[in-house]
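Engineer: I am attaching a structure below and will ask some questions about it afterwards.
The values are calculated or read from the model by the stated rules, or taken from the named source; none is laboratory data. Here the structure is a predicted model, which means the values were calculated and not measured. Here Cβ is always computed from backbone atoms with ideal geometry, including for glycine, and neighbour counts include all displayed protein chains. All accessible areas refer to the heavy atoms of the entire protein, side chains included, with ligands and DNA or RNA removed. Shrake-Rupley method; radii C 1.70, N 1.55, O 1.52, S 1.80 Å.
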Amino acid sequence: MKDALLALAPILVVAFGGLGLMMTEAFGTRKKGGPASDLALGSFIVFMAGAVVSASLWAAGPEQLPGASSTAPWLIVDRFTLFFDTVLCLGAGLSALMAGGYLPEHRLDRGEFFPLLVFSTVGAMILAASGDLLSLFIGLETMSIGVYAMVGFRRGSLRSTEAAVKYFLLGSFAAALLLYGGALIYGITGKTDFASIGAAIKNGLGGRQADFGMLLVAMVLVLAGLAFKVSSVPFHMWTPDAYEGAPTPATSYMAVAVKSAAFAMMLRVLLGVFGDSASMSWGTGWPPVLAALALLTMTVSNLIAGRQESVKRMLAYSSIAHAGYVLVGVVAVIKPGSDAQASVLFYLLSYTVSTAGAFAALILCGSRGREAVSFEDLAGLGKRHPVAAFALSFFLLSLAGMPPTAGFFGKFYIARAGIGAGLNVLTVLLLLNSVIAAYYYLRVMVFMYMREPAPGAPSAIPMRSGYVTAAIVLSAVLVVLLGVWPSTSLKVAIDSALTFR
Amino acid sequence: MEQLQLQFPSSDFSLLALILLLPLVGAFVNGVFGKRLGNQGVRAMALTAVGGSFLLCLVAFAMLVAAPHGHGHTATRFTWNAWRWFTIDGGTSAVPLDVAFSIDPLSGVMMLVVTGIGFLIHLYSTAYMKADPGYYRFFAYLNLFIFSMLVLVLGDNLAVLFVGWEGVGLCSYLLIGFWFNDEKKSSAGKKAFIANRIGDFGLLVAMAMLVYYAGTLRFSTLEESHASLGQMRQLWPIAGLELPSWLIPTEPIRASVPTLVALALFVGCIGKSAQLPLYVWLPDAMAGPTPVSALIHAATMVTAGIYLVARTSFIFVQSPFAMAVVAGIGALTAVFAATIAFAQTDLKKVLAYSTISQLGYMFIGVGSGAFAAGFFHVLTHAFFKGCLFLCAGSVIHAMHHVIHDEEQSQDMRKMGGLRKHMPITHATFLISCLAIAGCPMTSGFFSKDEVLFKAFSSQIITAQKGLWVAPAWYGQAIYALGVIGAVCTAFYMFRAYFLTFWGEFRGWTIVKQAKKAHGHHAHDAHHEGEPLRGQAPHESPWQMTLPLAVLAVFALFGGLVYAEPLHLTALERFWHPVFATASTHVVERAGAHGMMLPLLFVGAAIFAVGTGAAYVVYVVKNGQPAAAFVSAMPGLHRIVRDKWRIDELYQATILGFFDALGETAVAMDKWLIDGVIARATAGIVQVFGAILRLLQTGRVQVYAASMVLGTAGIAWFALAPHATAELDSSKLRSNGELIFTAAPGHGYAYRWAEGDAAMPSEFGSKAVFTTQVDRCATKTVRLEVKNVFGSTTETKFTPCREMGNNCCARIAPSPQASTTQPVKVAPVEGSR
């Protein structure tokens, strides 16, 4: 029991921290100003505590806690879970810092944002840990409901509300597909935990031929549900609207934490449930489906991203493109060994810090009434406000994959895993796509450093906030660390990979 | 000393961190805060950084000398592993790359040269650059250069060396174009950068090959395992590449790995050390401030190529061919550059061509297997050429005070008689001139003599069969070229000396609008110009003369550390462990024994002839023979003065080719790309964008419809049967057996047939199918799959059994090629 509690400590720390924050917000008194600044600091501390606890458990080794397996299969505490717990807490913590500066600046200073953020993260952590269809669904919904509310946080804005409703409707649709797939699987095997289902499929479902048809239908539905959550083309259309309508800290949270949790879920389901040789066959199983989705995702989103006029929307499409790159790594897990999984994990970590940093820098570049929305707004920013412009350029370069930033090694390892698994064509297309992507990242820099604002046109004026600056500094340090010492983090990622086969 | 050795054990020699850090801090502080620090502060920072680094280098060097010698052939080596950089996949295993630094006798000496001469030149620059507004920028770059050069020298593996290699290239570019407002100067910087990049490509290729074949880039590990490199590799035809039969030679073209690696490395050296044919950037690099020319383009950076060859000597000696190429290119460059130096009137240009020529001598040394001698010439050259450049700077400094014209203050035709005005500069210039001309008992005499003697007497041997070995006359030919170059060197150096320091001062008359007046068709006669009376040229301040004096002392006596004729070989013994592996491949040629003394007299004669001729021509006859020569053969003189028109040749051929290519590309771009493709693409993208925009309406129904389409697409794939199979062809070559394994699928049933035979009536669970294929023949195998929904699909395979003579390519493809999957099995490669 004690061990089980200790093993669940990362989730518990964040959950109880969130409760504490709610109490403080409800009963605390303030002299002046909104609650955001206090709560942002509180949430950040809670998330960092969660990250530190997860990291310490990772370092100590979950196998040291014999009672930890008592929560399995509902919650599996292994290094994979703990790695994702750390990444999720990091991404959420950075969003909390951004919110601390963003909400007061844009007159959204209401306390409920932070509990939503915290409990959504709890859901994400449950999702990453789940080894059972039921706990997976609970985690998924806990995470999603918080995010729906955060997207619609700007109640006064039509666009924000519309985005939230769209996201909610389509999210429910996707959840229904996933649930239906799960129900079929339960119907065939009579089990809900991944390990038993996987074993049943591996053993040929007791020879009942008719059930195989059902299983194929279930796989189609589950794949569609997973593809929605990682916002892969053509399940992506909600993404730009939701990302643009949401307040930027929530956008960052969705792009970073929700996506990481979705990939964790994807790896667990694909390797746990559909890890048999027939499902993983390159000729007939899910790998070609995901490869096609990856190709579509990268290409379509990069082509559209290049034509955007809004920087935030461009970043939304860019995050879809990054999901496509990660999918290449996911397809590469068909090769035995931990390289491909490690590349996915490393990519998610490097993508988390780069994207969160980019959104933080975008927040920093604008202030109320003088927001940095379109490319035009940023014209000449490099001369007027070199620090903000430099921060944004730095993270965009990491997203573009310039050495020696984290983004370079993320792509490098994915490409290596792709080549290692024999996905030569897909890998080459990935590299070509990252060339296309460089165009629209560099375009931001062209506007900031080489264009002058048109006379009379609105131009962005950077805001001042210690919180946002802290988020930027933290991300920048991590981006550089991952870029200069990639091997250490890769080692961590390799140790975190799921064992299968 | 013991305390130090306890503090810094040889495996974790973190003293190197301090040595590296000081110049980096200097560069950072000067670069970022330099403007606010003021000139005093910048000066203090720069000198402290490099001076401190030099003192620490002395300590490290003392420890290296005092350290107990390694057993047997291994050199003493102090290593500092900073951190694990990253890991890449090699040919057989993962290759870790560390950020690691080390010193051994070779890099120890080079490190002292870099920081020692670096310090002197920093000191010199504090006075030379006094009035420049970019004072802080200059010292930031200079400090950064020292840091990069130290990274290059101290790097424990080729990857770290490459970082330094690129770093010095960058600093060189920044410093050549230091006065970037002048377009000519900034384009000189670009030229240097591009020429260097061509070379760097070779270095990158070499690194890739070493990672693949040797599995490491560490020098020490490479040296231990150097013998394992020595196999032959097939270059053409490339394995696995499908080629038309006429492209396949009867005998595959093969080369040994050390040859390939060494030649690729040498391409890098050619670029960095300005050898034929990439030397063209170095003369233009003289556009930078003179201290930069002294430090980067004479004493340190340009010798990086020789350092690299010496560092990887164990690879080079395994390939007599590569060694011959090194020595040959060196000898040709030595003579070629010397001839150009004859006709130059710009003092710095003479020194620049002289540097190229001397670098050629260093390559003769290392290319003849005399690594110690070749590298010793690096050392002595750093002293005398550094000193010559600084003297030139001192002269230019003085001339500039009189003439106030940049180009003419470097023109030797305007100088003359300066020995009366600038006694210290004159004395040090004379000493260095004696050294470079090879006056007996000076440092240059010993080093050049040793290089030429070794070129004459050594031969590279190899135990491996089938490798090209240089013929016996090759060394003598190199020696002959070296002698010719040496005579030229003595002549043109003393020509420069006499023109600059003897006779009467000719700088009283200058020509305004000089560029229009001479430009391309200048000749040696005086131009009409307005007379100018002013201050006489004066000696430079102590910050400039002190470095001159120190370097001159070294130029005079520095040879005594390795003077083989006097049996002083301290340096050779010190370096011996570094080159121990390499020296096993170098033997004395038959018949060269006992030639040392005769050749010594040849060396002395070279000096006497060259210097005497210059004295007669320029002092006794006051330049009359030179003028007579010019008027007798104006064409030859013009072409030599125009540097054999190599720049123009490059302009016409390579650059012209690229220009033409560029113009063609522009035309293509305009007509084909813009006119057809761009419009078509734009059209498609617009249609595409319109459709997408149509879809991205904001209507949630459309979004949901897209998801439904996506799900339907996945279902279309997953619910349909797919007949694919993996082929196990490992036994195909030996006994013709081929095993098919059908891709597994949920609820799949299979049936197989060979050739045109009918399919079995029933589907079964047999996913594996074995068949026999005849030699050079194809076989058709059909697979039909039925899935759980009862739908079926069929695929046909037509593998061919290749027998190593490319017979499968000659079999005409079957008519139904579009529906078949031909499988070709390439001949098995020899095991690595």
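Engineer: Being open to solvent by 20 Å² or more (accessible area, probe 1.4 Å), in a strand (DSSP E or B) and within 12 Å of another protein chain (Cβ to nearest Cβ) is the filter here; which residues of region B:737-748 pass it?
Structural biologist: Passing the criteria: only B:741.
Engineer: Then there's this: When region A:226-236 is examined, which residues are found to be facing chain B (nearest Cβ under 10 Å) and either without any contact (Cβ under 8 Å) to a residue 40 or more places away in the chain or surrounded by 24 or more Cβ atoms within 10 Å (Cβ to Cβ) (or both)?
Structural biologist: Matches in region A:226-236: A:227, A:228, A:232, A:233, A:235, A:236.
Engineer: For region A:274-296: of the residues being part of a helix (DSSP H, G or I) and closer than 13 Å to residue A:222 by Cα, which is farthest from the other protein chains (Cβ to nearest Cβ)?
Structural biologist: It comes out as A:290.
Engineer: Give the residues of region B:462-500 that are among the charged types (D, E, K, R) and either more than 20 Å from residue B:627 (Cβ to Cβ) or without any contact (Cβ under 8 Å) to a residue 12 or more places away in the chain (or both), sorted by residue number.
Structural biologist: B:465
Engineer: Shifting gears a bit: Checking residue A:375 against (1) more than 13 Å from chain B (Cβ to nearest Cβ); (2) in contact with an Asp or Glu (Cβ under 8 Å, 6 or more places away or on another chain); (3) open to solvent by 20 Å² or more (accessible area, probe 1.4 Å); (4) not small (Gly, Ala, Ser), only one condition comes out false. Which one?
Structural biologist: Of everything listed in (1) more than 13 Å from chain B (Cβ to nearest Cβ); (2) in contact with an Asp or Glu (Cβ under 8 Å, 6 or more places away or on another chain); (3) open to solvent by 20 Å² or more (accessible area, probe 1.4 Å); (4) not small (Gly, Ala, Ser), residue A:375 misses just condition (3).
Engineer: Among the residues of region A:188-207, count how many are over 33 Å from the mean Cα position of the chain (by Cα) and either away from chain B (no Cβ under 11 Å) or touching a residue at least 12 places away in the same chain (Cβ under 8 Å) (or both).
Structural biologist: 3
Engineer: For residue B:775, state whether it is in contact (Cβ under 8 Å) with a residue 12 or more places away in the chain, over 30 Å from residue A:220 (Cβ atoms) and in a helix (DSSP H, G or I).
Structural biologist: So residue B:775 does not fit the description; no.
Engineer: How many of the residues in region B:722-736 are within 14 Å of chain A (Cβ to nearest Cβ) and within 18 Å of residue B:776 (Cα to Cα)?
Structural biologist: 1
Engineer: Is it the case that some residue within region B:203-214 is part of a loop (DSSP other than H, G, I, E, B), modelled with pLDDT under 80 and either surrounded by 14 or more Cβ atoms within 10 Å (Cβ to Cβ) or not aromatic (Phe, Trp, Tyr) (or both)?
Structural biologist: No, because not a single residue in region B:203-214 is part of a loop (DSSP other than H, G, I, E, B), modelled with pLDDT under 80 and either surrounded by 14 or more Cβ atoms within 10 Å (Cβ to Cβ) or not aromatic (Phe, Trp, Tyr) (or both).
Engineer: Turning to a different aspect of this structure: For region A:276-290, what are the residues that are small (Gly, Ala, Ser) and surrounded by fewer than 22 Cβ atoms within 10 Å (Cβ to Cβ)?
Structural biologist: A:277, A:278, A:283
Engineer: I would also like to ask the following. Does region A:319-338 include one or more residues that are open to solvent by 20 Å² or more (accessible area, probe 1.4 Å), more than 12 Å from chain B (Cβ to nearest Cβ), closer than 26 Å to residue A:359 by Cα and assigned to a helix (DSSP H, G or I)?
Structural biologist: no
Engineer: Something else: Quick one: which helices (runs of 4 or more DSSP H) sit completely within region A:195-273 and have at least 2 residues that are closer than 30 Å to residue A:475 by Cβ and of a type in the set (A, V, I, L, M)?
Structural biologist: A:209-229, A:259-272
Matching residues to (1) under 51 Å from the mean Cα position of the chain (by Cα); (2) not assigned by TED's automatic domain parsing to the domain that holds residue B:760:
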{"residue": "B:709", "(1), (2)": "no, yes"}
{"residue": "B:729", "(1), (2)": "yes, no"}
{"residue": "B:742", "(1), (2)": "no, no"}
{"residue": "B:747", "(1), (2)": "no, no"}
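Engineer: With the requirement that a residue be open to solvent by 10 Å² or more (accessible area, probe 1.4 Å) and more than 9 Å from every other protein chain (Cβ to nearest Cβ), what does region A:297-316 give you?
Structural biologist: Of everything in region A:297-316, those that are open to solvent by 10 Å² or more (accessible area, probe 1.4 Å) and more than 9 Å from every other protein chain (Cβ to nearest Cβ) turn out to be A:299, A:306, A:308, A:309, A:310, A:312, A:313.
Engineer: While we're on this one: Which ranges mark the helices (runs of 4 or more DSSP H) fully within region B:576-654 that have 2 or more residues being closer than 21 Å to residue B:562 by Cα and in the same structural domain as residue B:336 (by TED's automatic domain parsing)?
Structural biologist: Qualifying helices (runs of 4 or more DSSP H): B:580-583, B:596-615.
Engineer: Here's a check for you: in region A:484-501, which residue that is assigned to a helix (DSSP H, G or I) and more than 14 Å from chain B (Cβ to nearest Cβ) is most open to solvent (accessible area, probe 1.4 Å)?
Structural biologist: A:495
Engineer: Residue check, residue A:77 against (1) touching a Leu at 6+ places or on another chain (Cβ under 9 Å); (2) in a helix (DSSP H, G or I), all met but one. Which one?
Structural biologist: (2)
Engineer: Right, another one. Quick one: would you say residue B:308 is within 24 Å of residue B:156 (Cβ to Cβ) and crowded, with 24+ Cβ neighbours inside 10 Å?
Structural biologist: Answer is yes for this residue.
Engineer: Let me spell it out: the conditions are (1) closer than 21 Å to residue A:72 by Cα; (2) touching a residue at least 60 places away in the same chain (Cβ under 8 Å), and residue A:171 meets all of them except one. Which number is the exception?
Structural biologist: Going through (1) closer than 21 Å to residue A:72 by Cα; (2) touching a residue at least 60 places away in the same chain (Cβ under 8 Å) one by one, residue A:171 breaks only (1).
Engineer: It is to be established whether one or more residues within region A:174-185 are assigned to a helix (DSSP H, G or I) and facing another protein chain (nearest Cβ under 9 Å).
Structural biologist: Yes, region A:174-185 contains at least one residue that is assigned to a helix (DSSP H, G or I) and facing another protein chain (nearest Cβ under 9 Å).
Engineer: Further, regarding this structure: For region B:77-109, what are the residues that are under 19 Å from residue B:579 (Cβ atoms) and of a type in the set (A, V, I, L, M, F, W, C)?
Structural biologist: B:78, B:103, B:106, B:109 - these are the residues of region B:77-109 that are under 19 Å from residue B:579 (Cβ atoms) and of a type in the set (A, V, I, L, M, F, W, C).
Engineer: Is it the case that region A:471-483 has a residue that's within 14 Å of another protein chain (Cβ to nearest Cβ), open to solvent by 20 Å² or more (accessible area, probe 1.4 Å), under 23 Å from the mean Cα position of the chain (by Cα) and farther than 23 Å from residue A:327 by Cβ?
Structural biologist: Yes.
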